[in-house]
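So the structure is just underneath, and the comments pick up after that.
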Amino acid sequence: MAIPFKTIALIGKHKNPDITTPLLSLAQFLSERDLNVVLDVLTAAHIEDLAYPALTLEQIGKQADLAVVIGGDGTMLNIARALVSYNVPLIGVNQGRLGFLTDLTVETMYDTLAMMLEGQYVVENRTLLATEVMRNEECVYKELAFNDVVLHRGVSSGMIEFEVRINDEYVYSLRSDGLIVASPTGSTAYALSAGGPILHPGLDLMALVPVCPHTLSNRPIVVGADAVVDIKVHYTTETKIYADSHSWFDLGEHDRVVVRRYPETVRLMHSIHYSHYRMLREKLGWSGILQKNGG
Ligand SMILES: NC(=O)c1ccc[n+]([C@@H]2O[C@H](COP(=O)([O-])OP(=O)(O)OC[C@H]3O[C@@H](n4cnc5c(N)ncnc54)[C@H](O)[C@@H]3O)[C@@H](O)[C@H]2O)c1
Ligand SMILES: Nc1ncnc2c1ncn2[C@@H]1O[C@H](COP(=O)(O)OP(=O)(O)OP(=O)(O)O)[C@@H](O)[C@H]1O
């Protein structure tokens, strides 16, 4: 079978010396299979006498057929947002903490990649969120989020107050520490810590999860892909909006935060043996066996 991937980009967690050895070893493994290997410029900057071309993420987006990200969830979030418009499938090798988005390990990556390069893979299309801050009908901040868009009180100790509308219909007003609008991918991140539901990543949905709401009856809600979530901030001290916690913006009084599904999706590639439920079981420490007699 013809290999559908000719040029493979390797992108490592920036400034992490631990990734250099596995990354170069993976580069050699791929070169020996007659594949063109390229590295991203930030990763390449820390490697001496590099035998592979160093490309910007934009060049990788245009030239690579596949990108292997060696790092943690934080690195994958960043690279996925940067490459989403180029439709390059992404494979994650975990060198970080939890590794919800980076399911291969350094130990298993050779065997698993060899199988995937022979066509034994599945692709998941993952939803992203697009957010805009509107001030007097003018957009003053615009960002993409793979996990979540979070309205938060920042460092101030006081609660924030805001009003939520969905598709122009009033939903509720709330006083709380914040509100998380999570994609299915982000449903296992901050939203989960705040009591939100775990959404299967194949779903095209968003979860709205309040952070410490003052009205205890206020619960997380799940809305459809066509929902345009409009949050009007009533009173602000230091209120901020965060996209994946990587980018943020200081909100002013009466600013509106608009969140909607981004039309393009991130393509995550997994081995055919990948199981979302096994991953949840392992990462979240769920029990794998039923014990008899309550033992
Ligand atoms: N109290 C919290 O749980 C809390 C607070 C702030 C931000 N966050 C999350 O951190 C994310 C940014 O991640 P980071 O790694 O760049 O920051 P980070 O380095 O601060 O790590 C946050 C933790 O969240 C994990 N994580 C990230 N994305 C995940 C996902 N989709 N599913 C399960 N776990 C995930 C990471 O592995 C890491 O252990 C934000 O999008 C937000 O969801 C969580
Ligand atoms: N090659 C790269 N190009 C661009 N940004 C990068 C690159 N490598 C890492 N980053 C950014 O550096 C940061 C690394 O994230 P983080 O500190 O959370 O580490 P991580 O190990 O990837 O993830 P985690 O801590 O969640 O396991 C993120 O902001 C990520 O987007």
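Laboratory data are not the source of any read-out in this text; all were calculated from the coordinates shown. Source: prediction; values computed, not measured. Quick reminder, even Gly has a Cβ in these numbers, built from the backbone with ideal geometry, and neighbours come from all protein chains shown.
Numerical summary
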read-out	value
Residues in segment 251-271 reached by a label modelled at K283 [backbone nitrogen below 16 Å; 7 Å Cα→Cβ]	266-271
Qualifying trypsin sites (Lys or Arg not before Pro) in segment 87-157, DSSP loop, other Cβ atoms within 10 Å at most 14	R97
Segment 115-128 - phi-based ³J(HN,Hα) in whole Hz, Karplus 6.51/-1.76/1.60, Gly and Pro as x	5, 5, 5, 8, x, 8, 8, 10, 10, 10, 8, 10, 6, 10
Segment 71-86 - phi-based ³J(HN,Hα) in whole Hz, Karplus 6.51/-1.76/1.60, Gly and Pro as x	x, x, 4, x, 5, 4, 4, 5, 5, 4, 5, 5, 9, 4, 6, 9
Positive-end residue of I221, V181, V233, charge dipole of segment 172-263 with Cβ unit charges	I221
Label point at H273 placed 7 Å out along Cα→Cβ; residues across segment 91-114 whose backbone nitrogen lies under 15 Å	103-114
Choice from L55, L39, L179 with maximal GNM fluctuation in the chain (Cα, 10 Å cutoff)	L55
Positive dipole terminus of the chain, leading residue within V93, L199, L113 (C-beta point charges)	L199
Computed lengthening from K232 to Y170, 0.36 nm per intervening residue step minus Cα-Cα distance	21.2 nm
Stretch gain in nm, segment S31-C139, where the contour uses 0.36 nm per residue and the Cα spacing is subtracted	34.3 nm
Stokes-Einstein translational diffusion, segment 129-261 - Kirkwood Rh over all Cα pairs, 0.890 mPa s, 25 °C, in µm²/s	171 µm²/s
FRET efficiency for A225 and T56, using Cβ-Cβ distance with R0 set to 30 Å, rounded to 0.05	0.40
Per-selection Rg to Rh, the chain - Cα, Kirkwood hydrodynamic radius	1.02
With Cα atoms, 0 to 90° folded angle of helix 20-31 axis to the chain main axis	60 degrees
Ordering of 108-118, 260-270 by burial proxy (mean other Cβ atoms within 10 Å per residue, highest first)	260-270, 108-118
FRET E, pair E118, W248, Förster distance 45 Å, beta-carbon r, rounded to 0.05	0.55
Cα-based shape type of segment 123-194, given that a ≥ b ≥ c are square roots of the gyration tensor eigenvalues and the cut on a/c is 1.5	oblate
For S173, S157, order by how many other beta-carbon atoms lie within 10 Å, fewest first	S157, S173
GNM top mover of V93, V228, V211 - the chain, alpha-carbon springs below 10 Å	V228
21 Å Cα cut-off, lysine pairs counted over the chain (separation 8 or more, or different chains)	6
Karplus (6.51, -1.76, 1.60) ³J(HN,Hα), θ = phi - 60°, over segment 203-219, in Hz, Gly and Pro reported as x	7, 9, 9, 9, 10, 9, 10, x, 9, 6, x, 6, 8, 5, 6, 6, 10
